[in-house]
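First the structure, in the form of structure tokens, and then the observations on it.
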Amino acid sequence: MAPESVTRLDPEDSGTAAALSALLNRELGDGLYEPAWLLEDAANPAAAVWVARAPDPVGAAVARLLGPNDGEYYRRFGAVAMRLFEAGAGPVGSFEAVAVAPPARRRGLGARLTTTSLDWMRERGCAAAVTVSWRSGRAGSSAGLFRRLGMAEGPTVDGFYREESLRDGWSCPVCGRPCACAATLFTLSLA
Ligand SMILES: CC(C)(COP(=O)(O)OP(=O)(O)OC[C@H]1O[C@@H](n2cnc3c(N)ncnc32)[C@H](O)[C@@H]1OP(=O)(O)O)[C@@H](O)C(=O)NCCC(=O)NCCS
């Protein structure tokens, strides 16, 4: 088997985008990621899509540079989240999604996808990273991973995804639609 690698998705590589879309939709929610959206993000300088290969795609992550208006999404986590978006606080990077196929888990790929995304945010001048950990109740939740990487754990909000799962029409792999799962805020200073 070829060594595992973590690389950027090539904006012309529709085959890999389809594989990543299938992985993200199966693990995180059916309807969350279309291949075309991943290719758009791969070509967008304010976003990054990462693929972990072993040698076929077995892991995916999406990161994004946020603007001041993106803070509203995090309002339900309270002051700790809103402080990130205050004037003068500096640019914020979102670690938006990460998933590793079950047979490839517990080999460090989730950690590599996360640290690669955090390094990309640092290189782009982000002062902080923010991520929302899906508390699925299943083994393989990201909360342990984010704690291990030194991220600060913030509040947990019950039913965090309910409205967006209805509005955007995606189904949670654990509870369907609407999604009733909780979410926990994690942040990391990159300064
Ligand atoms: C969360 C997720 C991405 C982690 O992926 P992963 O590749 O298993 O992550 P890692 O291998 O870096 O770490 C997972 C565990 O394996 C352990 N591990 C890492 N390398 C290891 C190795 N070589 N040998 C044994 N264990 C190892 C880690 O210590 C960690 O253990 P812990 O959870 O007890 O702290 C994956 O479980 C997943 O896709 N979950 C479903 C989707 C999901 O919830 N995504 C996050 C949404 S916010």
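Yes or no: V80 within 15 Å of the ligand (Cβ to nearest atom), over 24 Å from D41 (Cβ atoms) and open to solvent by less than 70 Å² (accessible area, probe 1.4 Å)? Spelling it out, it is not the case that V80 is within 15 Å of the ligand (Cβ to nearest atom), over 24 Å from D41 (Cβ atoms) and open to solvent by less than 70 Å² (accessible area, probe 1.4 Å).
For L185, indicate whether it is of a type outside the set (S, T, N, Q), in a strand (DSSP E or B) and in contact (Cβ under 8 Å) with a residue 40 or more places away in the chain. Yes.
Look through region 130-155, keep the residues that are modelled with pLDDT under 95 and at negative phi, and return whichever of them is surrounded by the most Cβ atoms within 10 Å (Cβ to Cβ). Per the criteria, the residue is S136. Taking first residues from region 93-116 that are closer than 20 Å to L185 by Cα and partners that are assigned to a strand (DSSP E or B) and within 6 Å of the ligand (Cβ to nearest atom), the Cβ contacts under 9 Å between residues at least 6 apart in sequence or on separate chains come to G110/V98; G110/A99; G110/V100; L113/V98; L113/A99; L113/V100; T114/V98.
Yes/no per residue for (1) open to solvent by 40 Å² or more (accessible area, probe 1.4 Å); (2) within 16 Å of the chain's Cα centre (by Cα):
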{"site": "L24", "(1), (2)": "no, yes"}
{"site": "E34", "(1), (2)": "yes, yes"}
{"site": "A48", "(1), (2)": "no, yes"}
{"site": "A54", "(1), (2)": "no, no"}
{"site": "P57", "(1), (2)": "yes, no"}
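Listed by first and then second residue, the pairs with beta-carbon distance under 6 Å, at least 6 apart or on different chains, first residue in region 138-159 and farther than 19 Å from A97 by Cβ, second assigned to a strand (DSSP E or B) and more than 12 Å from the ligand (Cβ to nearest atom), are A152/T187. For region 41-69, a residue qualifies if it is among the β-branched types (V, I, T) and under 15 Å from F95 (Cα atoms), and the qualifying residues are V49, V51, V62.
Could you tell me whether R177 is open to solvent by 40 Å² or more (accessible area, probe 1.4 Å) and within 23 Å of W37 (Cα to Cα)?
So R177 passes the test.
Being surrounded by 15 or more Cβ atoms within 10 Å (Cβ to Cβ) and within 16 Å of the ligand (Cβ to nearest atom) holds for only one residue in L28, L66, and it is L28.
Kindly indicate whether A60 is closer than 17 Å to V98 by Cα and touching a residue at least 24 places away in the same chain (Cβ under 8 Å). In short, yes.
Identify, please: which residue in region 95-129 is near the ligand (Cβ under 8 Å from one of its atoms), in a helix (DSSP H, G or I) and hydrophobic (A, V, I, L, M, F, W, C) and is, among those, surrounded by the fewest Cβ atoms within 10 Å (Cβ to Cβ)?
The initial filter retains those residues of region 95-129 that are near the ligand (Cβ under 8 Å from one of its atoms), namely 97-102, 104-114.
Next, only the ones that are in a helix (DSSP H, G or I) stay: 102, 104, 109-114.
Retained after the next criterion (residues that are hydrophobic (A, V, I, L, M, F, W, C)): 104, 109, 111, 113.
Numbers: A104: 17, L109: 22, A111: 15, L113: 25.
Restricting to residues being near the ligand (Cβ under 8 Å from one of its atoms), in a helix (DSSP H, G or I) and hydrophobic (A, V, I, L, M, F, W, C), the top hit is A111.
The values are calculated or read from the model by the stated rules, or taken from the named source; none is laboratory data. Since we're looking at a predicted model, the values are computed, not measured. FYI the Cβ positions are ideal-geometry reconstructions off the backbone, even for glycines, and counts take in every protein chain you see. Note: accessible area is taken over every heavy atom of the protein model, side chains too, but ligands, DNA and RNA are not part of it. Shrake-Rupley method; radii C 1.70, N 1.55, O 1.52, S 1.80 Å.
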